[in-house]
1. Starting from the amide H of R82, placed 1.01 Å from N in the peptide plane, find each other amide H under 5 Å away whose residue is 5 or more places distant or on another chain.
2. Taking θ = phi - 60°, what integer Hz values does the Karplus form 6.51 cos²θ - 1.76 cosθ + 1.60 yield along the stretch 44-54, in sequence order, with x for Gly and Pro?
3. Sequence gap of 8 or more, or different chains, plus Cα separation below 14 Å: how many lysine pairs satisfy both in the chain?
4. Between N108 and A64, what's the calculated FRET efficiency when r is the beta-carbon distance and R0 is 22 Å? Round to 0.05.
5. Residue by residue through the stretch 94-102, what is 3J(HN,Hα) from phi via Karplus (6.51 cos²θ - 1.76 cosθ + 1.60, θ = phi - 60°)? Round to whole Hz and write x for glycine and proline.
6. All other residues with a Cβ under 14 Å from the Cβ of S11 taken together, and with Lys, Arg as +1 and Asp, Glu as -1, what is their net charge?
7. Just grab the label-to-label distance for V93 and E45, each label 7 Å out from Cα along the Cβ direction, in nm (one decimal).
8. In whole percent, and with a 1.4 Å probe on the protein chains, what portion of the accessible area of the chain is carbon and sulfur?
Amino acid sequence: APHSQEWTYFSGSFYYISSTMKSWQESRNDCLQKKSDLVIINSPEEQEFIRSWKKRAWIGLTDAETEGTWKWVDGTLLESPRYWARSEPNNAVNNEDCGEIKNFDSQNSWNDLPCDLQNNWICETKLNYREE
Ligand code: 2F8
Ligand code: CA
């Protein structure tokens, strides 16, 4: 649960980084089971926070529905900011529909990978709040 020591708080969300590896879908299922989802990165600060772990991991990005149209797991289109590594996403071997964080030398650190590859993963649970 987000209250255990396995979760780290940052700017309105709790984050969990796995210590085992799974496919993208199995990783997502694990997050969903934790009443969470794969991480959605929507600010430079959040990108820096995730990158600072220096751990290769699935994030909540996929273009499985329409090749080249990247969406977050909440259904929103990937607009800006975008932190693809140089030359990514390249859909290598015409088979890369899932997003990971990979390159820690640069802020631009996302890569597309085959979804059935085993990888660590990061879940995010946003805190609920009420806007007045
Ligand atoms: O050079 C970037 C390229 O590196 C690998 O392919 C050789 C990655 N694939 C795997 O790790 C399976 C590509 O996704 C990446 O674009
Ligand atoms: Ca790639």
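The values are calculated or read from the model by the stated rules, or taken from the named source; none is laboratory data. None of the values given here were measured: they were computed from a predicted structure. For neighbour counting, all protein chains shown are included, and Cβ atoms are generated from backbone atoms with ideal geometry for every residue, glycine included. Accessible surface areas use protein heavy atoms only, side chains included; no ligands, DNA or RNA. Shrake-Rupley method; radii C 1.70, N 1.55, O 1.52, S 1.80 Å.
1. The list, which skips near neighbours in sequence, is empty: none.
2. My calculation for the stretch 44-54 gives x, 5, 5, 4, 5, 4, 5, 5, 5, 6, 6 Hz in order.
3. On the way: K34/K126; K35/K126; K54/K102; K55/K102.
Within the chain, the lysine pair count is 4.
4. On the way: r = 22 Å, r/R0 = 1.02.
Efficiency, from the Cβ-Cβ distance: 0.45.
5. Computed from phi, the couplings for the stretch 94-102 are 6, 8, 10, 10, 10, x, 10, 9, 9 Hz.
6. On the way: positive: K126; negative: E45, E46, E48, E124.
My count for the surroundings of S11 gives -3.
7. 4.0 nm
8. On the way: 3500 of 7650 Å².
Using a 1.4 Å probe with all protein chains present, the chain comes out at 46 percent carbon and sulfur.
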